[in-house]
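The values are calculated or read from the model by the stated rules, or taken from the named source; none is laboratory data. All figures in this text were calculated on a predicted structure; none of them were measured in a lab. When we count neighbours, we look across all protein chains shown, and the Cβ atoms used for this are built from the backbone with ideal geometry, even at glycine.
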């Protein structure tokens, strides 16, 4: 039962486990007889009844008692049991009778039904203790993170010719094994809070505490997360605290007046999306939202949340393009209440779950998004790098002949790469609404499209920051994402270039996992060093990634044109023997097979600020990774070092492949 201190904290905005009090909870009395306790917040209501299977949906049979002067209503229903459907009948001050789903419902009727459902979330036996211990061994900042973004409804279909969806159990058996085999470290699922419309993808929710019933039961979803953890995969969930949908059974004017949304319609209306903004300054709404974030981590062991549309929270006039601007109390257009809410959210989550991932999807230039709160930051530990994503997609769409005039698009991101803790996202937003798939954005003929995508992924892997790729992009789906159909898996059944792209992403992911230089110092300038950012005339960039140990250092050369450079020279810090350790142009990946097949030795000739020079064969539209495998201990010049690309012609690059095969 709610204690007076619980009610006080809820109304103060500090009851961070408010779902223990509100909602429908299976209970038992001293005699062991079970029933259900219902509790709801509706301060503007004059009367609240709970209707359901247990009273044949008849009004007046189970009237709720107002136990808080600020509007919490409660009733114990001995006749109710787990599995029952229910709603609240709310009588408003103006005489309306509203039939509402429970904002704190833990389970919901399968769409198109809108009733809430009684469920007991306790009793699942978790088997992820080893995973939870591993999370504490080292900070995520110094570990690899390669995220596979998934929409569960369209990853696969139970029958691709029907609308039947995969269940959480089926996904547990197939999706997780696939992600492990592909070399991903985390799965990010698009929002799973209950939502009425499939094509909102979960971004317009009605049941924030209710894992969607589209794919099964809450305990089946627990099994999904549990098996992810047992297989070494973390789970991140998209979370949408910025706005909610207007469906009549949901949060909109819940008790006849604005309650969860702002009372000022100019602040409440998200005109661009046709939704409503949460009132971030209202204490009970803070208790609701922060409790919700804690809920997913406590009850479902979610490892982190990606907070959607942070820009829409920070900016009062987001989406109000043709409207008179709204000003805050200081005359600005930012939302101080949202800023305070985000700081409170992050502070609270990290107090309970220090290893949690709190990721901001933020397209603004708001400073210190991932800085600590005591330093004036918002307190997230990761931010999506939307600037990098926009620049790189703009660059990759260009015909290679024009790329030299836009070279800064691939170098500018390094100017701010360490200003925040970044994730590099290639998400679902970039492959829908006529934007085309990543592969179909690439210029050139059929071969060049795949080569462009390979060099793009190779460059992304070498760039500082964690990685995220949306499903289907790993095998080069030609069509953009179809949000009612499964991915085009048939492309892996005899379409060679797609099979090779699939093999490439798998190999690249596993290469990333093996190489500490690509993630150990991801968020430190010491982990990155330019070799040559200025070769715009040939659209080539060269840089180093460094780990904690010098022997882990990698050199990445990216050639963004279809021209082979048989004798491309770069400066390197170490004298000795280097090897090509990864090549996006490998024939196994659908490439031309160009590149150094034999070890390469440096010459003692200063270049690019380093004392030694390395001559490489750089394939067309390719990313190549080089590593020093034998460092020279002498200061004497090493003559005739390059044994593979001494002549400036393409045939020599190819001839080395033949030697290697022999």
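A quick yes/no check of all residues on (1) in contact with a strand residue (DSSP E or B) (Cβ under 8 Å, 6 or more places away or on another chain); (2) surrounded by 22 or more Cβ atoms within 10 Å (Cβ to Cβ); (3) within 21 Å of residue 193 (Cβ to Cβ):
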position: 287; (1), (2), (3): no, yes, yes
position: 290; (1), (2), (3): no, yes, yes
position: 295; (1), (2), (3): yes, no, yes
position: 307; (1), (2), (3): yes, yes, yes
position: 311; (1), (2), (3): no, no, yes
position: 321; (1), (2), (3): no, no, no
position: 324; (1), (2), (3): no, no, no
position: 332; (1), (2), (3): no, no, no
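Filtered by the rule that a residue be surrounded by fewer than 21 Cβ atoms within 10 Å (Cβ to Cβ) and closer than 15 Å to residue 41 by Cβ, the range 68-90 gives 68, 69, 70, 71, 74, 75.
Confirm whether residue 44 is more than 37 Å from the chain's Cα centre (by Cα) and surrounded by 18 or more Cβ atoms within 10 Å (Cβ to Cβ). So residue 44 does not fit the description; no.
Residues being buried (at least 18 other Cβ atoms within 10 Å of the Cβ) and closer than 21 Å to residue 187 by Cβ: count how many of those fall in the range 473-487. Result for the range 473-487: 8. On the given criteria, is residue 430 within 22 Å of residue 187 (Cβ to Cβ) and either surrounded by fewer than 15 Cβ atoms within 10 Å (Cβ to Cβ) or under 20 Å from the mean Cα position of the chain (by Cα) (or both)? It is true that residue 430 is within 22 Å of residue 187 (Cβ to Cβ) and either surrounded by fewer than 15 Cβ atoms within 10 Å (Cβ to Cβ) or under 20 Å from the mean Cα position of the chain (by Cα) (or both).
Residues of the range 363-378 being surrounded by 24 or more Cβ atoms within 10 Å (Cβ to Cβ) and closer than 23 Å to residue 295 by Cα, which ones? Selection gives 378 alone.
When you scan the range 97-112, how many residues do you find that are in contact with a strand residue (DSSP E or B) (Cβ under 8 Å, 6 or more places away or on another chain) and assigned to a loop (DSSP other than H, G, I, E, B)? Summing the residues that are in contact with a strand residue (DSSP E or B) (Cβ under 8 Å, 6 or more places away or on another chain) and assigned to a loop (DSSP other than H, G, I, E, B) in the range 97-112 gives 8.
Among the numbered conditions (1) closer than 23 Å to residue 294 by Cβ; (2) at pLDDT 95 or above; (3) surrounded by 13 or more Cβ atoms within 10 Å (Cβ to Cβ); (4) in contact with a helix residue (DSSP H, G or I) (Cβ under 8 Å, 6 or more places away or on another chain), tell me where residue 105 comes up short. The single condition residue 105 does not satisfy is (4). Of the strands (runs of 3 or more DSSP E) lying entirely inside the range 1-76, those carrying at least 1 residues that are within 18 Å of residue 97 (Cα to Cα) are 34-41, 47-52. Number of residues in the range 178-214 that are out of contact with any strand residue (DSSP E or B) (no Cβ under 7 Å at 6 or more places or on another chain) and either part of a loop (DSSP other than H, G, I, E, B) or within 18 Å of residue 483 (Cβ to Cβ) (or both) equals 8. For residue 272, the stated conditions do not hold, so it cannot be described as over 25 Å from residue 102 (Cβ atoms) and more than 26 Å from the chain's Cα centre (by Cα). Scanning the range 114-138 for residues that are in a loop (DSSP other than H, G, I, E, B) and touching a residue at least 12 places away in the same chain (Cβ under 8 Å) yields a total of 12.
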